[in-house]
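Undergrad: Dropping the structure in here first, questions after.
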Amino acid sequence: MIEIAANIAFAILGLGLLATVVRVILGPTLADRILGLDTLTTLGIGLIAVFAVRSGFYLYVDIAVALALLGFISTVAFARYLLSRGSP
Amino acid sequence: MSYVATILILIGSIFSALAALGILRFPDLYTRLHAAAKAGPLGAGLILLGAGAASGDLLTFLRCLFGLVFLIFVSPVSAHLLARAALKSGDAPVNTTSINEYRDSK
């Protein structure tokens with residue numbers, strides 16, 4: 001049963017990734033694109049966790065936690081860049 | 001335990017997809033941030049909790065719990081930092097936003 005739920009979650013998360021990629025491409029400002037990339041990382045964490053359930057290798061959970069840390073650091077770095085760049 | 005994990009994973013993935021829908025549909029950055037800041041702790045966090053419940057292993061569950069707590073601490077910080085950086089670099093909110101205390105305090 002949990003395999004079926006994992007497949008459904010894969011489909012839902014794939015739709016979410018698609019919507020976020022559209023926002024990253026369209027995004028009028030740089031901040032919108034930074035937000036889109038941050039959300040892509042968050043959706044990737046969920047995807048890796050679902051993959052850990054689907055495949056049975058729970059070592060992937062560690063990779064998901066590491067990706068959460070990396071996503072936070074990258075968002076902070078992009079926001080600092082946005083602050084230091086000033087108004088366009 | 002398997003039922004709990006299934007329900008948690010489904011709820012988390014639905015929250016993530018709704019956050020992505022909000023990012024696609026909302027009119028400006030600040031309303032989009034409101035949707036995106038929930039995708040971290042609620043979407044990915046619930047999926048992590050579901051993975052921990054599905055594993056049936058205490059150490060794996062504790063690692064998933066650590067990931068959830070980390071997301072709860074980190075998501076508001078990054079959202080606030082991004083909103084502040086966008087506001088300081090002159091990214092105006094949409095016209096229907098009536099309260100802007102940062103602009104009024106200057």
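Laboratory data are not the source of any read-out in this text; all were calculated from the coordinates shown. Because the structure is a prediction, the values reported are computed rather than measured. When we count neighbours, we look across all protein chains shown, and the Cβ atoms used for this are built from the backbone with ideal geometry, even at glycine.
Undergrad: Return the Rg/Rh ratio of the range A:2-85 with Cα-based radii and a Kirkwood Rh. Write out the running numbers ahead of the final one.
TA: Working: Rg = 14.7 Å, Rh = 13.8 Å.
Rg/Rh for the range A:2-85 comes to 1.06.
Undergrad: Take peptide B:73-83, look around each residue's Cβ out to 10 angstrom, count Cβ atoms belonging to other protein chains, and average those counts. Provide the component values of the computation, followed by the final result.
TA: Working: counts 1, 7, 6, 0, 3, 11, 4, 1, 8, 9, 3.
If you average over the peptide's residues, the count of other-chain Cβ atoms is 5.
Undergrad: Sort all Cα-Cα distances of the protein assembly as shown into consecutive 5 angstrom bins from zero, then give the percent of pairs in each bin up to the one containing the longest distance.
TA: 1, 9, 18, 20, 18, 13, 9, 6, 4, 2, 1, 0
Undergrad: Just to be sure I understand: with springs between alpha-carbon atoms less than 10 Å apart, which residue in B:A53, B:A79, B:A92 has the highest mean-square fluctuation in the Gaussian network model of chain B?
TA: Comparing B:A53, B:A79, B:A92 in the GNM, the peak value goes to B:A92.
Undergrad: Let me ask another. Hey, got the average number of other protein chain Cβ atoms within 10 angstrom for residues in B:91-99?
TA: Numbers: counts 8, 1, 0, 0, 0, 0, 0, 0, 0.
Neighbouring Cβ atoms belonging to other protein chains average 1 per residue here.
Undergrad: Using 5 Å bins from zero, what percent of all Cα-Cα pairs in the range B:2-91 falls into each bin?
TA: 3, 16, 19, 20, 16, 11, 8, 5, 2, 1
Undergrad: Which residues does the label zone of B:T97 cover in the range A:1-38, counting backbone N under 18 Å from a point 7 Å along Cα→Cβ?
TA: A:27-36
Undergrad: Using Cβ counts within 10 Å as a stand-in for footprinting exposure, how do A:T39, B:T96, A:T29, B:T6 rank, fewest first?
TA: Numbers: A:T39 32, B:T96 8, A:T29 17, B:T6 22.
Sorted ascending by nearby Cβ count, the order is B:T96, A:T29, B:T6, A:T39.
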